[in-house]
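The values are calculated or read from the model by the stated rules, or taken from the named source; none is laboratory data. Treat the numbers as computed from the prediction; the structure is a model and nothing was measured. Cβ coordinates were reconstructed from backbone atoms using ideal geometry, including for glycine residues, and neighbour counts include every protein chain displayed. Just so you know, the surface numbers come from the protein's heavy atoms only, side chains and all, with ligands and any DNA or RNA stripped out. Shrake-Rupley method; radii C 1.70, N 1.55, O 1.52, S 1.80 Å.
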Amino acid sequence: MNSYFIHFPGYFMILLVAYLNNAVVDAIAVGDDVCMTGYIMDIFCIELGVLLDNRQITTLEGPENHSFHCLLDVPVCYNSGFMVLGEKDSKTSLHCLGPRLKESDVVIDVGRAAGSSAKSTTHTTCRTCSGDASKPVSGYRATVKGTVKDLGDGSSGVLGQPMLNNIKVLDFEVGCGEEDGIVVKNIGGECKILRSGTMSPSSATPSLVSSVAPSESTTQQVTPSDQPIVSTSPTYPPTSSSSSTPSTFKVLPESHYPSSSSSESITPSVSTQSSVFLTSDEPSFVPSTSTPDCNTQFCEKALSDDYLLRYLLNVEDGTITMEVIYDGEAWVAVAFSEDENMPGSDAVIGSPELGNVPQKYSLLAKTPVVDSAIEIMPEEEQTLINATIEVRDGQTVMKFTKILKEPGQIEIMMGLNNMLWAYGSSNTLSYHAQRSPFTLDLSSSDEAVNSTSPSFELSVAPSSVSSQIDCKPWPDAAWLQPNFCSNRFVDGLSRPRGLHIDHTTDEILLVERGASRVVRLVPNNVDASDVSVVALPNTEGLGLNHGIELSGGYLYASSTTKVYRWLYIDGNAGETEEVIVGMRSGGHFTRTLAFDADGRWLYVSIGSLGNVASDSSSSRIRRFDMSSWGGTTPFNYDDDGELFADGLRNEVGLSFDVHGDLWGVENGADNLFREDLGGDIHNDNPSEELNRFREDQAGQSWGYPYCWSEYCLSKENGGSGIKGANTRWAWPSFLDAGYTDEWCRENTNESVMSMPAHSAPLGMTFYKWKDLSQDETCEGGFPRGMNNYAFIAFHGSWNRSVPTGYKVVFVPMDSVGNPTHQPIDLFRHAGDGAKWPNPGIRPVDVQFDNCGRLYITEDKTGSVIQVRYDGNYLDNFDPIETDVADGASCVAPEQSTSQTENDFTSFPTQSNPPVSEEANESSNEPSSTPTSELSELVRNLVNGPTSNALQLVIWWPVHLMMLLFQIL
C-alpha cells in the first residue's frame with residue numbers, strides 16, 4: 001500500500017472526476033439519434049489523467065493540447081477507444097465526459113484526414129495524417145452524430161458512459177440541429193446530458209483559434225529532421241521554439257460521408273513502412289548544405305528540445321557508437337524497432353541509479369508496469385562495448401558501442417532504421433516521462449559497411465532464400481521425437497504469424513505481421529532447397545497481423561478491427577473487400593479465422609480487452625454465414641455475427657477435426673492471487689486450455705472472466721477442496737459479486753484439457769493421414785499412427801519464474817476425437833529449460849501440407865520450419881515421454897472430469913523456457929490496453945470486478961469512504 005499512498009491525492013482526484021463525469025442520461029434513450037459537438041479524446045489518456053504527450057496538462061482540462069500524433073499514431077491511445085468531451089465547467093476547469101464512440105476506425109480515418117501532416121514546432125507531427133498545413137496539429141474537435149446503443153447505466157449490463165454507434169464524424173462548424181442535439185455540462189456537481197436547441201459551435205465549445213495554440217508555459221515536444229548535424233561538442237545545443245499558428249479544423253462535410261447502407265467506406269489513411277520512412281515531417285534545426293560523413297566524425301540528431309543523439313559508424317568493426325545526452329537527470333533509453341512500436345523492440349537502457357553500465361533489454365508490452373514491460377537480455381547477449389552512463393553538469397550522458405548485426409536481435413541496417421527514444425521522470429526505471437519514434441538514416445555508407453561488417457546467419461529481407469533439407473535437427477539445439485527431423489524452410493521473414501496451406505495446390509500463404517501483408521512461399525526447385533517470398537501488393541497497408549484463410553476462391557485475412565478478402569487467382573490477390581467491420585480495438589489484437597468444411601460459416605475469434613475484463617463482450621467466437629452475404633455491405637461483428645462460444649479470454653488457435661467439431665486453444669490470465677488457494681499461484685495457474693466447441697453447445701460460456709481452470713495447485717498451500725487439474729474456480733475479484741466456485745462449476749463449460757500455465761498456445765491443427773504410396777513426389781509425411789492427432793504451437797511464457805512453452809506438442813486422439821494423453825513434445829529445445837539460445841525460437845502457427853509434412857511459423861527469427869518423418873509412413877509410432885522442466889510446484893496434474901468420454905493418461909510434460917511475450921500479443925501476456933494504477937488500487941481495496949476507472953462509479957460511495965479512511 002505504500003506506493004499507492006504516496007500518490008494518494010492524485011488517485012482521489014481522478015476517482016472524484018470519474019464520479020462527477022458519470023453523466024445523468026435521463027434526456028436520451030437507447031435508439032435515439034443524437035448529435036454532439038466537442039473534443040474527441042482517447043480513453044487511455046482519460047484514465048491516465050494527464051496527456052500522454054504532455055504530462056503537465058490534465059486531460060480533462062486541456063484537450064485542445066492533445067496532439068493528433070498521440071491520438072492517431074500511438075497504439076496505446078487509439079486502441080483504447082474514444083469519447084466526446086462535454087462542456088468545460090467554469091468552477092473546476094474540467095470537461096465533462098460525453099458518450100463513448102463505438103466505431104473507432106471511423107474516428108481514426110476521419111481524424112487522419114483532418115489532422116495536419118505539415119511540420120510543427122510545438123508538437124510531434126502526426127505521421128498518419130494527410131491534411132495540409134492549414135489543418136490543426138492538436139485538439140481533435142468535431143461534430144459527432146450517432147445512435148444511442150446503450151446508456152452505460154447498467155441497464156444493459158454495461159456501466160460507464162453512454163455509447164453511440166453508427167457514428168459520423170463531421171466538421172465541428174456543422175453543429176447540431178434542434179431535434180437531435182445534445183450537450184453534456186456540469187449542473188449542481190453532476191455532469192448531465194441535456195437536449196439542446198440549435199447549437200452553434202461557439203456555444204458548444206471554445207473557438208479553435210484560442211484552443212490550438214498551447215500556453216506559453218507548456219513545454220511541447222519537438223521532433224526535428226532526420227538530417228544529421230555534424231558536431232564535435234558533446235554539449236547539447238540550445239534551441240528556440242516558436243508557437244504554432246492557429247489553423248482551421250475541416251472534416252468531411254456530411255454530403256461526402258457514406259451512409260450506413262452504402263457499400264462504400266472511408267479508406268483508412270494507413271502509411272506503409274516505406275512512406276513513413278521516405279517522408280520527413282520534421283523541422284530541421286540546423287540547415288546542412290552537404291551530407292556529413294558519419295564514418296569519420298560524430299553526427300548529431302536532435303530528438304527533442306532536451307534530448308540529443310550522437311552516433312559514429314565503425315565500418316571496419318561492423319559496429320556503431322552512440323551517445324545519448326539528456327538535459328536532466330533520469331534513466332534514458334534508445335530502442336531499435338521493426339514497426340515503431342515498443343513491444344518487440346530491443347533497447348539499451350541506462351540509469352545513473354543502477355550504476356555506470358547500460359544494458360540491453362527486450363521490450364515486451366505497452367504497460368506502465370515496468371516489471372512486465374521490459375526484460376533484461378541474458379548475460380551472453382550483453383555485448384555492448386565501452387558502455388557507460390554518468391551525470392555531467394546536470395545532463396545524463398549514456399554512451400555505448402553496439403554490433404550492427406546480432407543473431408536473434410533487430411539488425412541496425414545501412415539504410416533507414418526504425419527507432420524509439422525515451423527518458424524517465426527519475427533515475428528509477430518506471431513508465432517513461434516522454435518517448436517518441438524516429439528514423440535514423442545510415443544509407444550514406446551502405447556499400448562500405450555491408451562489404452566489411454561481420455557476417456551473421458540471419459538475413460534481412462530476402463526475395464529468395466535457401467533452406468536446409470538434410471534430415472537432421474535445425475537448429476542444432478533442437479530435440480525431436482525419434483525419426484523426425486527439422487529444417488529451416490525459409491528465413492528472413494518479418495515476424496511471420498498465421499499460416500495457411502492450400503490442400504488442393506499445396507500453396508503456402510502466411511501473414512507477415514512486421515510488414516502487415518500476406519506473402520506466398522514459392523519453391524524454385526523440386527526439393528524446395530530454394531524458396532522465393534512473393535508479396536501480394538493489395539494486402540499491404542491494412543494492418544494485417546495474424547488471421548488468414550482461403551475458401552471458395554477468396555483469400556481472407558484480418559487486422560485488429562476488420563476482416564478483408566480478395567479474389568485469389570493464380571497467386572494474385574484482386575481488389576480489397578471488407579467482409580467484417582466493427583471489431584473493437586485494444587487488448588489482444590489477433591482475430592483468428594476458420595472456415596467449416598463446407599465453406600459456409602466463417603468463424604472469427606476475438607480476445608479480451610485486458611488481463612481480466614469486466615465482462616465477456618470481447619472474449620468470444622462469432623460466426624458469419626457467408627452464403628447469405630451479398631458482397632457489398634460488410635458484416636458488423638457484434639450486430640451481425642452469431643455468438644458461437646462465449647467466455648474465452650483469448651482463443652488464438654482454431655481448427656476443425658475430422659468429425660466436424662471446432663477446437664481452440666486458450667491463453668489464460670496472468671497475475672492470479674487467491675489467498676485461500678495459496679496466495680500467489682500465478683506460476684502454475686490458470687491453465688492454458690484445449691477446448692472443443694460442439695454444435696449443441698453453440699452460444700454457451702466457457703467462463704471468462706468470472707472463472708478459470710486449474711493446472712497445478714499445491715495441496716500444502718491450498719488446503720482442502722483441491723480437486724485437480726481442469727477444476728473450475730472463480731476469479732477472486734468476482735467472488736463478492738456472486739460468481740463463486742460452485743457457480744463456475746454449474747454454469748460454465750469445462751475445457752477438454754488443462755495445459756501448462758503461460759505456455760501461450762497460438763496455433764493448432766489436426767493431422768489427417770492419407771495413403772500416398774502411389775505418389776512418388778511425396779516424402780517426409782508423418783506416420784499413420786498420428787492420424788487425427790492435434791498439434792499445438794506454444795509461443796512461450798513471459799509471466800513465469802521458470803519459463804515454459806517455446807515448442808510444438810501433439811495430443812493423441814482416439815477414433816471418436818477424444819484426447820487419450822497429455823500433450824507430448826514433438827519439437828523443443830534440447831538443453832536445460834525451455835528457452836532456446838540465440839537466435840531463439842518462438843512457434844506461432846502449425847499446418848500440414850498435402851504430403852503430411854508439418855510447417856511451423858516462428859516470429860523470433862522470422863523463419864518457417866519444416867518437420868518431416870524419416871521413418872515408414874505406415875508406422876504406428878510410439879512417442880518418447882519427457883520429464884517436467886517447467887518448475888511446477890507440484891507433480892504432473894491429473895485432469896478432472898471434462899467433456900471427453902474417456903479418461904486419458906497424465907504424465908509430466910517437458911516445458912521449455914520462454915521469452916517475454918510482446919505487447920498486445922495474442923497470448924497470455926499483458927494486453928495493449930494498460931490497466932491504470934488507480935484501477936489496480938481500487939480493485940485491491942474493494943475486490944471489484946472492473947479495471948476501468950470510468951466503470952467504478954457504481955461503487956463510488958464505498959471507494960470514497962475507504963479512501964477517506966486512508967487519509968484519516
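To put it simply, the accessible area of the stretch 539-615 at a 1.4 Å probe is 45 percent carbon and sulfur. Scanning residues 5 or more positions from residue 652 or on other chains, those with amide H under 5 Å from its amide H are 665, 667, with H placed 1.01 Å from N in the peptide plane.
Taking amide H as placed 1.01 Å from N in the peptide plane, residue 682 has its amide H under 5 Å from the amide H of 672, each at least 5 places away in sequence or on another chain.
When only alpha carbons are used to place a centre, the stretch 577-593 and the stretch 30-71 end up 24 Å from one another.
The HN-Hα couplings worked out from phi for the stretch 324-337 by the Karplus form 6.51 cos²θ - 1.76 cosθ + 1.60 (θ = phi - 60°) are 10, 10, 10, 7, x, 10, 5, 5, 10, 8, 10, 10, 10, 10 Hz, whole numbers, x standing for Gly and Pro.
Our coupling estimate for the stretch 533-545, obtained by passing each phi through the Karplus curve with A = 6.51, B = -1.76, C = 1.60 and θ = phi - 60°, is 9, 10, 7, 9, x, 5, 8, 7, x, 10, x, 4, 9 Hz, Gly and Pro reported as x. Karplus-derived 3J(HN,Hα) values for the stretch 61-77, using 6.51 cos²θ - 1.76 cosθ + 1.60 with θ = phi - 60°, are 9, x, x, 5, 8, 7, 6, 4, 4, 5, 5, 10, 9, 8, x, 5, 7 Hz; glycine and proline are entered as x.
If packing is taken as the mean number of other Cβ atoms within 10 Å per residue, what is the order of 405-412, 593-600, highest first?
My ranking of the peptides, most packed first, is 405-412, 593-600.
Take the Cα of residue 91, step 7 Å toward its Cβ, do the same at residue 742, and the gap between the two points is 4.9 nm. Around the amide H of residue 314, modelled in the peptide plane, lie the amide H atoms of 319, 320, 321, all under 5 Å away and 5 or more residues distant in sequence or on another chain.
Summing +1 for each Lys or Arg and -1 for each Asp or Glu among the other residues whose beta-carbon sits under 10 angstrom from that of residue 394 gives -2. Between the stretch 292-364 and the stretch 817-863, what's the alpha-carbon centroid distance in Å? For the stretch 292-364 versus the stretch 817-863, the Cα centre distance is 35 Å.
Lys and Arg at +1, Asp and Glu at -1: add these up for the other residues within a Cβ distance under 9 Å of residue 556 and post the number. Summing Lys/Arg as +1 and Asp/Glu as -1 gives 0.
Near residue 378, once Lys and Arg are set to +1 and Asp and Glu to -1 for all other residues with Cβ below 11 Å from its Cβ, the sum equals -2.
Remark: the residue 771-residue 673 segment gains 30.2 nm on full extension, using 0.36 nm per residue and subtracting the alpha carbon distance. Relative contact order, whole percent, for the stretch 16-130 stands at 25, derived from Cα pairs under 8 Å and 6 or more residues apart.
FRET efficiency for the pair residue 147 and residue 376, taken as 1/(1 + (r/R0)^6) with r the Cβ-Cβ distance and R0 = 51 Å, rounds to 0.55. With a threshold of 23 Å on the Cα-Cα distance, the over-threshold entries among 149/562; 192/562; 119/301; 185/562; 360/405 are 192/562; 185/562.
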